[in-house]
Amino acid sequence: MATAAGVLAAPVPAVPALTPGRAAAAEEGATPAPGPAPAPAAASSSVPGIVKPLPAEWFVPRGTNAETRWDAFRDADGDAVVGRHVPVERFFVRNHTSTPLIDPDTWRLRLFGSGLRGGPTAEHPVEFGLEELRELPSTRISALIECAGNGRSYYAGQQGQPVPGTPWTLGGVGSASWRGVRLAEVLRAAGLTGAAVDVLPVGLDPDYVVGGTNYGPVRRPLPIAKALDDVLLAYEMNGEPLTPDHGAPARLVVPGWVGIASIKWVGSLEVADRPLYSPWNTDFYRMFGPDYPPGGGEPLTTQVVKSAFELAAGARLAAGRRHRLHGRSWSGAAAVRRVEVSADGGRTWRRADLRDEPRADGWTRWGIDWRPERPGRYELRARATDRRGNTQPERAVFNREGYLFGAVVAHPVTVV
Ligand SMILES: Nc1nc2c(c(=O)[nH]1)N[C@H]1C(S)=C(S)[C@@H](COP(=O)(O)O)O[C@H]1N2
Ligand SMILES: [Mo]
């Protein structure tokens, strides 16, 4: 079914090799979506550099990014329209620059560096085409991708601590099923040695330039232990080939870690026998601030515990009626095993009913009944605890960039 904008950009026109900055061209010649995409009523709000349509009922545009709306997880009757995995067309997009269109037929993954047998150089790398990767044993996993800045707006909104950067509410997260080849498998096939320390995936998107500084292509070193543990080089998302916005033809999926680790549009992997650096593990995605070491904390890895209601901020609910409140909680460290909800400013808490068997590779969906008797303004709060005992505090520790806001979020509603 076609969207109001008429097109979905699923079939990418073949373009010669890499043509960054041509994302908008994907609209040309695109055909109506063949899949089950419903027809959103409102016109797409567009973000320059994102290929897929961004209907206003599903997304909030944020600069070069698009935030998924939590209230879009349910329809007007309150029925769930998003299951355990978020459909690709509703999945949030975080782009430092813009979505490149890459021809999967000519794309090559290049591996080089001192951590590979024979020390292949960038000029003479070990190469894999997409078909060759598909011939390696494949694996399917569920994993969340979540931006380190998800929830950032609450540093200012809830704690009076303004921070720069994309003011996400809680929609910079999504869960999907990914298929691809384990990074460990690719590294071994390329001649991994025991001396390898770090792996540096480099994106094929345009260089990241801010304030007159060119930081080069988006790239962030990954410690070899994590690379060999559970990282996937994914070429499918929810059973379909990756779409341009989510990293086609191949991206990393780094379970439990901040989204920046999951480099999209991977062009090369440097495997080194010494630590590697890029601005993404020295300047960005580390903690700076009064409660952190003077030179900053370690590069961010695991995500914190969070919870969200599948409800609009400021939703209106009828007084004197029982409402079923729904939400999801997740953690980068372990399965979420307990969720409590408060409707009285955090004075009393009730256990929510868990609708999923807690699992480390996804969120836990939950529900709880609430019957507000009197009209007025209320704040709903949800607080989750994972199997390691990590729980959501009342306040998040401030950091200059506003990363990892894990505190309980006050969700305003009006009872009428
Ligand atoms: N090459 C490249 N990879 C990237 C990014 C990017 O801008 N360029 N953004 C990162 C960040 S910050 C996040 S949170 C995730 C978002 O993945 P998504 O857009 O598929 O939701 O991709 C990561 N991988
Ligand atoms: Mo991110």
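A few notes on this one:
- Conditions (1) open to solvent by less than 20 Å² (accessible area, probe 1.4 Å); (2) closer than 23 Å to residue 405 by Cα; (3) among the basic types (Lys, Arg); number of the one not met by residue 286: (1)
- Meets criteria (within 16 Å of the chain's Cα centre (by Cα) and surrounded by 17 or more Cβ atoms within 10 Å (Cβ to Cβ)) for residue 308: yes
- Failed item in (1) under 27 Å from residue 85 (Cα atoms); (2) open to solvent by less than 10 Å² (accessible area, probe 1.4 Å); (3) in contact (Cβ under 8 Å) with a residue 40 or more places away in the chain, with residue 278 passing the rest: (1)
- The one condition from (1) buried (at least 19 other Cβ atoms within 10 Å of the Cβ); (2) more than 16 Å from ligand 2 (Cβ to nearest atom) that residue 293 does not meet is (1).
- Among the residues listed as 338, 377, 321, 400, the single one being open to solvent by 10 Å² or more (accessible area, probe 1.4 Å), farther than 30 Å from residue 178 by Cα and in a strand (DSSP E or B): 377
- Selected residue (criterion: nearest to ligand 1 (Cβ to nearest atom)) from residues of the range 279-293 that are within 16 Å of residue 97 (Cβ to Cβ) and assigned to a helix (DSSP H, G or I): 280
- Across the range 84-123, the number of residues qualifying as farther than 30 Å from residue 52 by Cβ and in contact with a His (Cβ under 8 Å, 6 or more places away or on another chain) comes to 1.
- Residues in the range 162-221 that are away from ligand 2 (no atom under 16 Å from the Cβ), of a type in the set (Ser, Thr, Tyr) and closer than 23 Å to residue 253 by Cβ: 177 only.
The values are calculated or read from the model by the stated rules, or taken from the named source; none is laboratory data. This one's a predicted model, so the numbers in the text were calculated from it and none came from an experiment. Here the Cβ is made from the backbone with ideal geometry for all residues, glycine too, and neighbour counts use every protein chain on show. Only protein heavy atoms, including side chains, enter the accessible area calculation; ligands, DNA and RNA are left aside. Shrake-Rupley method; radii C 1.70, N 1.55, O 1.52, S 1.80 Å.
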